[in-house]
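First up is the structure itself, then whatever we jot down about it.
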Amino acid sequence: MKIFVLTGAGVSAESGLGTFRDKSGTGLWARFDPMKLATPEAFARDPAAVHEFYNFRRRNLLSAAPNAAHSALARLQRELPGRGGAMTLVTQNIDDLHERGGADAVVHMHGELLKARCAACGAIHAQRDDLSTESVCPSCGREGTLRPHVVWFGETPLFMDEIFAALAEATHFVSIGTSGSVYPAAGFVSEARARGAHTCEINLEPSDNAAVFDEKRYGAASDVVPAWVDALLSG
Ligand code: BV8
């Protein structure tokens with residue numbers, strides 16, 4: 001069994017991190033519209049506003065904790081090899097809650113909130129403090145060239161070759177906590193299905209591409225994911 005797991009903002013919702021589209025969510029999203037701020041154009045136009053958006057989320061992340069869904073996925077990743085299986089964990093999320101929940105080799109296709117990248121020298125380094133237009137690159141010493149190491153709308157996602165290689169081999173594709181509205185991630189299920197993989201959606205409610213999935217499990221991730229992992233590992 002080779003499982004390809006794709007997660008989205010819904011897997012971190014119960015840890016207190018906002019999702020992008022449920023407007024009834026936390027106040028985090030009352031102040032910022034991610035669709036307007038997560039773009040290179042917004043950063044070029046008003047870097048201070050984009051830095052504030054990510055500084056707010058970084059501080060929120062540093063005070064958040066992984067939930068039962070994160071630790072259940074880490075358990076599945078740990079126990080599958082002993083049963084002759086394997087799990088690839090690809091996330092659209094820029095938080096580190098999968099890692100803090102015990103997972104390793106997490107593929108962050110949209111980058112990482114706790115890293116910064118220098119637009120001048122390209123260096124990527126850990127970033128836990130606020131970023132600003134006065135921040136200095138620890139590698140090249142230039143000021144004002146640092147940006148969050150995240151993939152904005154219109155930018156190319158990371159690790160795409162690795163992702164498509166894993167999709168080609170997957171016998172099972174499981175999407176967890178994503179609305180299926182952002183590409184290319186939203187197209188992965190069709191890629192896996194075309195190769196004969198069994199597909200399963202785990203979400204609070206049907207996603208935009210729910211019709212494509214063979215199996216659907218709806219409910220809060222911290223309830224549904226541990227139950228799904230228990231069932232899989234007891235089979
Ligand atoms: C690309 C990082 C080419 C930053 C993110 C016009 C111009 C330019 C591009 C486009 C265009 N039209 C379309 C595109 C493509 C565009 C796109 O898809 N746009 C959408 C809006 C139509 N995509 C891109 O630009 C991508 N790049 O296409 O480059 C290319 C293509 C292929 C190969 C090479 C090159 C780049 C997209 C990446 C953008 N960056 N994040 C940041 O985080 O600030 S995207 C960001 O939004 C997230 O990372 C995530 O991917 C997305 C949000 O999606 P979800 O994770 O699904 O979150 P959402 O809130 O939507 O849903 C949460 C779900 O959880 C809900 O269903 C909810 O019901 C559920 N839920 C809630 N609570 C719970 C729960 N489930 C379980 N339990 C709970 N408790």
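Please indicate, with yes or no, whether at least one residue in the stretch 146-158 is in contact with a Ser or Thr (Cβ under 8 Å, 6 or more places away or on another chain), farther than 26 Å from GLY16 by Cα and near the ligand (Cβ under 10 Å from one of its atoms).
The initial filter retains those residues of the stretch 146-158 that are in contact with a Ser or Thr (Cβ under 8 Å, 6 or more places away or on another chain), namely 146, 152-154.
Keeping just the survivors that are farther than 26 Å from GLY16 by Cα gives 146, 154.
Then drop every residue that is not near the ligand (Cβ under 10 Å from one of its atoms), which leaves 154.
There is at least one residue in the stretch 146-158 that is in contact with a Ser or Thr (Cβ under 8 Å, 6 or more places away or on another chain), farther than 26 Å from GLY16 by Cα and near the ligand (Cβ under 10 Å from one of its atoms).
Conditions (1) out of contact with any Leu (no Cβ under 6 Å at 6 or more places or on another chain); (2) more than 23 Å from TRP152 (Cα to Cα), marked per residue:
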site	(1), (2)
ALA65	yes, yes
MET87	no, yes
VAL106	no, no
LYS115	yes, no
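If I ask for residues that are within 14 Å of ALA170 (Cβ to Cβ) and over 21 Å from the mean Cα position of the chain (by Cα), which ones from the stretch 195-219 would you list?
ARG195, GLY196, ALA197, HIS198, ASP214
Look at SER132 and say whether it is surrounded by 16 or more Cβ atoms within 10 Å (Cβ to Cβ), assigned to a loop (DSSP other than H, G, I, E, B) and of a type in the set (Ser, Thr, Tyr). Spell out the reasoning first.
On the way: surrounded by 16 or more Cβ atoms within 10 Å (Cβ to Cβ): no; assigned to a loop (DSSP other than H, G, I, E, B): yes; of a type in the set (Ser, Thr, Tyr): yes.
So SER132 fails the test.
Restricting attention to helices (runs of 4 or more DSSP H) lying wholly within the stretch 152-235, give those where 1 or more residues are at pLDDT 95 or above, among the hydrophobic types (A, V, I, L, M, F, W, C) and under 16 Å from GLY10 (Cβ atoms). Let's see the steps before the verdict.
Details: elements: 160-169, 188-194, 221-234.
Of the helices (runs of 4 or more DSSP H) lying wholly inside the stretch 152-235, those with at least 1 residues that are at pLDDT 95 or above, among the hydrophobic types (A, V, I, L, M, F, W, C) and under 16 Å from GLY10 (Cβ atoms) span 188-194, 221-234.
The values are calculated or read from the model by the stated rules, or taken from the named source; none is laboratory data. Keep in mind that this is a model prediction, so the values were computed, not measured. With ideal geometry, Cβ positions are generated from the backbone for all residues, glycine too; neighbour counts draw on all protein chains shown.
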